[in-house]
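A.B. asks: Sharing a structure, written as structure tokens. Questions coming.
What follows is calculated from the coordinates using simple rules that are stated; it is not laboratory data. As the structure is a computational prediction, the values presented were derived from the model and not from experiment. Don't worry about glycine lacking a Cβ; one is built from the backbone with ideal geometry, like all the others, and counts go over all protein chains shown.
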Amino acid sequence: MTAQLELYVLPWGLYPRRIILYLSEKNVLSSPLLKITPVAITQTGMTAPGKPPGSVPILRLPDGSFIKQSLAIIEFFEDVCDSPDPAKEWQVELAKTANQETSMRGSTAEEKARTREVLALVDEASTQFCFAAHKGTALFVPLEETNALAADLAMGYCKKTLMLVEEKYAAELSRSIDSGRVSIADCVFYSLMQFSEGVYGVDLLSEPELPVLRRLREMLRSRNWVGLEEAQCPEQIKILASTWLPVE
């Protein structure tokens, strides 16, 4: 069966990386039903043949419609793999290739709610970090108004949110760390860790109060992720991104 889905990505970007990590863990990334299309960054934006306007990730469905938010795309794939529509052959075939050892949301209503609770917090931390990066690094000086103080405040909120994530894992989800099972929340968390450190030179887990999250990061580092070899940020971007403006 030929590709039925096309995923437009900037491989080293924060939000596309979430999906690449998820699809790798789900054993769907190399499916012949899925075409991964990297975008090019030009003066007019992110471009690729057939890509609609907007930032990536973007998923094109077989009927030509699009899903344009990273968490919605992940949930879509998880729904298809958990309960494929028998009337759609491509969904049945995709589910067959997926890792069905356990749902990456959890098995019970309680587990799924806890996963989504952590997912919401990590997504909030990601938004806060991105705001800090936009306002506080040399990368965005030519592109928008920057403000080092605003960046410092946003980074503080990001770290406070990660403290809440630490509490959730310590209280409810540490067993998943010990078992080695990976959830969709874990993929979103690890994407933020890779992005913040690999592109912006920031270790978000440097605070001593985050031992559980550091343990989780080490567990995820040991996974056999695929698809990340193309996810390296260009060096010229990394140099500017890792130059943080001083707070005066």
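A.B. asks: Please give the FRET efficiency for T47 paired with D152, using the beta carbon to beta carbon distance and R0 = 35 Å, rounded to the nearest 0.05. All intermediate terms of the calculation are to be shown ahead of the outcome.
C.D. replies: On the way: r = 34 Å, r/R0 = 0.98.
So, using R0 = 35 Å, E works out to roughly 0.55.
A.B. asks: Sticking with this structure for a sec: Report relative contact order for the range 64-152 in percent, whole number only (criteria: Cα-Cα under 8 Å, sequence separation at least 6).
C.D. replies: 14 percent
A.B. asks: Still on this structure, I have one more. Any lysines with Cα under 20 Å of the K112 Cα? List them, leaving off those in the same chain fewer than 8 positions away.
C.D. replies: Within reach: K26, K168.
A.B. asks: Taking mean projected area of the Cα convex hull in nm² straight from the coordinates, which label in (1) 12.9; (2) 15.9; (3) 13.9 is the correct one?
C.D. replies: Here the calculated entry is (3).
A.B. asks: Now a separate question. Where in the range 207-226 does the amide nitrogen come within less than 12 Å of the point 7 Å from the Cα of A170, taken along Cα to Cβ?
C.D. replies: Output list for this probe position: 208-214.
A.B. asks: Let me ask something additional. For the chain, calculate the relative contact order in percent as a whole number, restricting contacts to Cα pairs under 8 Å that are 6 or more residues apart.
C.D. replies: 23 percent
A.B. asks: Note down the Stokes-Einstein diffusion coefficient of the range 5-97 in µm²/s, whole number, using a Kirkwood radius over alpha carbon pairs, 10 °C, and 1.306 mPa s.
C.D. replies: 118 µm²/s
A.B. asks: Now for a different question. From the phi of every residue in the range 20-29, what ³J(HN,Hα) in whole Hz does the Karplus formula 6.51 cos²θ - 1.76 cosθ + 1.60 yield, where θ is phi - 60° and glycine or proline is x?
C.D. replies: Per-residue couplings from phi come out as 4, 4, 4, 5, 5, 5, 7, 6, 10, 4 Hz.
A.B. asks: So if R0 is 41 Å, what FRET efficiency would Q232 and A109 give, r being the distance between their Cβ atoms, rounded to the nearest 0.05?
C.D. replies: In this case the efficiency is close to 0.55.
A.B. asks: Continuing with this model, one more query. Can you tell me the alpha carbon radius of gyration of the range 109-241 divided by the globular rule-of-thumb value 2.2 N^0.38 Å?
C.D. replies: 1.10
A.B. asks: Amide H to amide H under 5 Å from T137: which residues, 5+ apart in sequence or cross-chain, H placed 1.01 Å off N in plane?
C.D. replies: The list, which skips near neighbours in sequence, is L245.
A.B. asks: Can I ask one more? How large is the helix-only mean residue ellipticity at 222 nm for the chain, computed as the sum of -39500 (n - 2.57) over DSSP H runs with n ≥ 4, divided by its residue count, in deg cm²/dmol to the nearest 500?
C.D. replies: -16000 deg cm²/dmol
A.B. asks: Please report the net charge: other residues with Cβ closer than 13 Å to the Cβ of G136, K and R +1, D and E -1.
C.D. replies: -3
A.B. asks: Students often check this: by mean Cβ neighbours within 10 Å, which of 238-245, 47-54, 213-220 ranks highest, and how do the rest follow? Could the numbers behind the result be given before it?
C.D. replies: Numbers: 238-245: 16.5, 47-54: 11.9, 213-220: 18.5.
So the order, starting with the most tightly packed, is 213-220, 238-245, 47-54.
A.B. asks: I'd like the FRET efficiency for V247 and R223, computed as 1/(1 + (r/R0)^6) with the beta carbon distance as r and R0 of 35 Å, rounded to 0.05.
C.D. replies: 0.45
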